[in-house]
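Reviewing the structure listed below.
Any read-out appearing in this document is the output of simple, stated calculations on the displayed coordinates, not a laboratory observation. Just so you know, these numbers come straight off a predicted model, no measurement behind them. Neighbour counts are summed over all protein chains in view; Cβ atoms, including those assigned to glycine, are modelled from backbone coordinates with ideal geometry.
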Amino acid sequence: MHILLTGGTGLIGRQLCARWLSQGHRLTVWSRKPGKVAKICGAQVRGVARLEEIGQEQVDAIINLAGAPIADRPWTTRRKALLWSSRITLTETLLAWLETREQKPQVLISGSAVGWYGDGGERELTEKSPPVIDDFASQLCIAWEETAQRAEGLGIRVIFIRTGLVLSAEGGFLSRLLLPFKVGLGGPIGSGRQWMPWIHINDQIALIDFLLHQENASGPYNACAPKPVRNREFAKTLGSVLHRPTFMPMPALALRVCLGELSLLLLGGQKAAPARLLEAGFTFQFTDLRAALDDLSSRL
């Protein structure tokens with residue numbers, strides 16, 4: 001199978017490349033720095049700066065994961081524009097290229113996030129739950145999905161991966177928590193009652209591979225473990241794994257002052273459930289947070 005990836009050099013993309021190379025697939029990564037793709041993703045992975053370089057080669061599947069990190073810095077007007085263009089504008093470019101092709105891929109797996117739902121409070125959120133459009137993150141995810149869904153008009157099956165908080169020792173949100181926790185300054189954020197829909201990186205990679213090979217899969221899938229935890233429990237468990245105290249809470253007011261609108265992402269949460277993945281027969285390797293963090297602890 002020939003698989004085209006956007007965001008292939010990111011945390012999830014790199015591990016997808018490793019998995020699919022081991023399965024014998026042919027991989028192409030669309031990147032701003034194609035010369036670095038082979039070094040980052042594997043010597044057999046081809047990097048292209050422009051989609052036109054692929055020509056009319058057959059592409060069987062597209063994995064669209066590109067997007068600037070959403071929580072790296074405050075959401076200024078300029079930052080919002082970058083977050084929007086790196087997802088929606090890039091996906092529009094991908095669609096325009098697909099329209100020119102005689103042979104269309106069978107499936108487009110496009111990135112999204114549980115932030116699609118907005119702050120869900122205490123509601124259990126399955127793929128059937130409506131969004132609460134009350135923040136920028138939700139609006140961004142909704143627009144990203146709506147843009148990707150236009151590929152259905154080209155006869156391409158579309159899958160959305162609504163990813164939770166990915167636990168990995170190689171990057172992602174967990175790496176940003178390590179320093180304060182390691183120096184004993186970790187603790188709950190705000191009230192600590194907000195839900196955190198987490199997922200181990202191994203399960204994230206496995207479920208994308210699983211859906212790629214499900215011929216009838218389409219629409220949204222919540223990519224998070226079946227047992228979300230509250231922020232206070234997450235902080236306590238991480239501190240225990242790192243053998244550090246977790247008595248230093250981050251006041252909500254301080255977050256709002258320092259981060260502005262971005263603070264909504266940290267103070268809100270989603271009690272999301274992977275209902276459709278479980279119905280499809282996917283088996284999670286990690287369903288317990290402590291077990292997931294223990295697995296990563298030697299590399300943290």
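Miscellaneous remarks
- Matching residues in segment 27-72 - criterion: being out of contact with any Phe, Trp or Tyr (no Cβ under 8 Å at 6 or more places or on another chain) and among the acidic types (Asp, Glu): 53, 57, 60, 72
- Of all residues in segment 2-48, those satisfying the criterion of being assigned to a loop (DSSP other than H, G, I, E, B), surrounded by 13 or more Cβ atoms within 10 Å (Cβ to Cβ) and in contact with a helix residue (DSSP H, G or I) (Cβ under 8 Å, 6 or more places away or on another chain) are 7, 8, 9, 31, 42, 45.
- Filter result for residue 58 (assigned to a loop (DSSP other than H, G, I, E, B), more than 22 Å from the chain's Cα centre (by Cα) and under 28 Å from residue 200 (Cβ atoms)): no
- Any chance residue 97 is in contact with a helix residue (DSSP H, G or I) (Cβ under 8 Å, 6 or more places away or on another chain), buried (at least 18 other Cβ atoms within 10 Å of the Cβ) and among the aromatic types (Phe, Trp, Tyr): no
- Pairs are defined by a Cβ separation below 7 Å, a sequence spacing of at least 6 or placement on different chains, a first member in segment 12-27 that is in contact (Cβ under 8 Å) with a residue 60 or more places away in the chain, and a second member that is buried (at least 16 other Cβ atoms within 10 Å of the Cβ) and part of a loop (DSSP other than H, G, I, E, B); the pairs so defined are 12/65.
- In segment 214-262, of all residues being assigned to a helix (DSSP H, G or I) and within 20 Å of the chain's Cα centre (by Cα), the one that is farthest from residue 184 (Cα to Cα) corresponds to 262.
- Residue within segment 106-126 that is free of Cβ contacts under 8 Å to residues at least 24 places away in the same chain, surrounded by fewer than 17 Cβ atoms within 10 Å (Cβ to Cβ) and either within 17 Å of residue 28 (Cβ to Cβ) or in contact with a helix residue (DSSP H, G or I) (Cβ under 9 Å, 6 or more places away or on another chain) (or both) present: no
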